[in-house]
Amino acid sequence: MPDKPVRVRIAPSPTGYFHVGSARTALFNWLFARHHGGKFIVRIEDTDRSRYHPEAVPDLIASLRWLGLDWDEGPEVGGDYGPYYQSQRLALYQHYAAQLVEQGHAYRCYCSPERLEALREEQRKRKENPGYDRHCRYLTAAQRAEYEAQGITPVIRLKVPLEGQTTFHDLLYGTITVDHQMLDDLVLLKSDGYPTYHLANVVDDHLMEISHIMRGDEWLPSVPKHVLLYQAFGWEIPVYAHLPLILAPTGQGKLSKRHGGVEIREFRRQGYLPEAMINYLARVGWSYDDKTEIFSREELIRYFDLSGISSSPARFSYERLEWMNGYYIRQLHPDDLAARLVPFLQEAGYPVTAAELVPIVPLIQERLKTLAEVVQWTDFFFKSVLEYEASLLIGKNMTATESLVALRRVRETLALLTPFTAATIEPPLRALADQLGIKAAQLFGIIRVAVTGKEVAPPLFEVMAILGLERVLARLDQAIEMLDRLIH
Ligand code: GLU
Ligand code: ZN
């Protein structure tokens, strides 16, 4: 048990739609907070105005809510450490940057973009690493006054020690040491008064009393700079745990759009359940005992621990996720499933209600791997006219004429049937197949196409019972007419 109150955060930059990798980071932080009875905080790092995407925050909020990852402080919920949008905290960053200058840990740099560009050009030519040459670190008071008199607004840079090393510890990566010679005098505050990521991130993690920083390992190279900042301020360094990358299903390179959906809203639209997403994402890079795959939310909270996080990258498997989604779909109460399926059918243009779907659900519940698949499995229930190729009505190893005869006999047989239930429909049709001298499967294949317009559909007799005698007869009539026209 950590000795400080657990306060963890995600700190997304609103540059695009919420990514599945960020969702995993959010989940791990959320689980850690819930496991330890701590706080999970959402902070919006929106200081890079050039990359700002107006839909990013609404999409983040909708995605977190959909996943059920509730936050204790942040957008819409507030909290004692706000504001939780960095763009509303500019004065704080300016204050802390000025403090570092006063204390000799940072300095004002007046270099023009042109000078910096010329410098980079020279470094390129000499095949040196690009970096700031620390020109302004050594300005005399007179030179500084001169620049100020010219009305130049400076940036503020960190005075990275010229010698020595910084060492820090990461729970997953171990102890890392970086030579200061490898580090630039990074900009902390830009001339427009906006902080850089580094300054704002460190100031906020400190002021918000973040105890553990769990985030993607692409941020690992920033840590030495952050550690220098914490030290310059005299602040306590949080515990770091940088999460290994999520790899593509092939194991080659990182997961990207090329491999499939990567935005949470895409998974949602494709009909993944939040329960399945949570369970699956928890298992991308975390394990309990190397064999348990299925965890309820409560079990994840109970078992989640940093020691279960793998220090090597984990592959993302769409297949595994789909399997898990099918599993969670099968666990749902049919009424719940019906309610979740409604929006997918409505989206496809079928204005159905959950009540209409309830009798259909048992026919498809075992078969669905995503909610969106409901459309292909059930659309024929909601169409007034089916569209399909007449040639599909020709039975296997049968002629069109034989199939037409069979269809007419089916119609005659069913027209007299009362009651019209799955149990009463089957026996007379089997008897009819015998009389026609064909296999039941041949006959049922023809009927299936006639009543569903498809060769693959949910169980036939149940489907027919739900459609009802009237609609079944109408569809048989349509099929008879189509086949008749095909022949003549
Ligand atoms: N704003 C950074 C991001 O978009 C935050 C990284 C961090 O968690 O420190 O991921
Ligand atoms: Zn300078």
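The values are calculated or read from the model by the stated rules, or taken from the named source; none is laboratory data. It should be emphasised that the depicted structure is a prediction, and the values quoted were computed from it without experimental measurement. Reconstructed Cβ throughout: ideal geometry from the backbone, glycine too, with neighbour counts over all protein chains shown.
State all residues of region 104-155 that are near ligand 2 (Cβ under 10 Å from one of its atoms) and touching a Ser or Thr at 6+ places or on another chain (Cβ under 6 Å); if no residue qualifies, say none. Selection gives 155 alone. Is there a residue being of a type in the set (Gly, Ala, Ser) and within 16 Å of ligand 1 (Cβ to nearest atom) anywhere in region 87-110? Taking every residue of region 87-110 in turn, at least one turns out to be of a type in the set (Gly, Ala, Ser) and within 16 Å of ligand 1 (Cβ to nearest atom).
Restricting to region 42-65, name every residue that is assigned to a helix (DSSP H, G or I), surrounded by 19 or more Cβ atoms within 10 Å (Cβ to Cβ) and either modelled with pLDDT under 95 or of a type in the set (A, V, I, L, M, F, W, C) (or both). Correct list: 56, 57, 60, 64. Quick one: would you say residue 179 is among the acidic types (Asp, Glu), within 16 Å of ligand 2 (Cβ to nearest atom) and over 34 Å from the mean Cα position of the chain (by Cα)? It is false that residue 179 is among the acidic types (Asp, Glu), within 16 Å of ligand 2 (Cβ to nearest atom) and over 34 Å from the mean Cα position of the chain (by Cα).
Flag: residue 44 matches the condition of being closer than 29 Å to residue 314 by Cα and within 14 Å of ligand 1 (Cβ to nearest atom).
Mind listing just one residue for me: the one in region 204-234 that is aliphatic (A, V, I, L, M) and in contact with a His (Cβ under 9 Å, 6 or more places away or on another chain) and, of those, farthest from ligand 1 (Cβ to nearest atom)? The qualifying residue farthest from ligand 1 (Cβ to nearest atom) is 232.
Would you mind telling me which numbered condition in (1) touching a Lys or Arg at 6+ places or on another chain (Cβ under 6 Å); (2) of a type outside the set (Phe, Trp, Tyr); (3) more than 11 Å from ligand 1 (Cβ to nearest atom); (4) farther than 27 Å from residue 154 by Cα residue 187 fails? Every listed condition holds for residue 187 apart from (4). Checked against the criterion of being farther than 30 Å from residue 258 by Cα and buried (at least 19 other Cβ atoms within 10 Å of the Cβ), the candidates 374, 361 yield just one match: 361. Looking across region 3-12, just one residue is within 14 Å of ligand 1 (Cβ to nearest atom) and out of contact with any strand residue (DSSP E or B) (no Cβ under 7 Å at 6 or more places or on another chain), and that is 11. Where residues in region 113-163 are within 24 Å of residue 203 (Cβ to Cβ) and without any contact (Cβ under 8 Å) to a residue 40 or more places away in the chain, which of them is nearest to ligand 1 (Cβ to nearest atom)? Filtering first and then ranking leaves 153. Of 15, 25, all but one fail to be within 13 Å of ligand 1 (Cβ to nearest atom), modelled with pLDDT of 95 or more and buried (at least 17 other Cβ atoms within 10 Å of the Cβ); the exception is 25.
Suppose the filter is in contact (Cβ under 8 Å) with a residue 40 or more places away in the chain and either of a type in the set (Ser, Thr, Tyr) or away from ligand 1 (no atom under 16 Å from the Cβ) (or both); does residue 38 pass it? Taking the combined requirement at face value, the residue satisfies it. Any chance region 77-91 includes a residue that's within 16 Å of ligand 2 (Cβ to nearest atom), assigned to a loop (DSSP other than H, G, I, E, B) and surrounded by 13 or more Cβ atoms within 10 Å (Cβ to Cβ)? No, there is no match, as no residue in region 77-91 is within 16 Å of ligand 2 (Cβ to nearest atom), assigned to a loop (DSSP other than H, G, I, E, B) and surrounded by 13 or more Cβ atoms within 10 Å (Cβ to Cβ).
Which residues, taken from region 251-284, are assigned to a loop (DSSP other than H, G, I, E, B), surrounded by fewer than 16 Cβ atoms within 10 Å (Cβ to Cβ) and touching a strand residue (DSSP E or B) at 6+ places or on another chain (Cβ under 8 Å)? Hits for region 251-284 are 251, 253.
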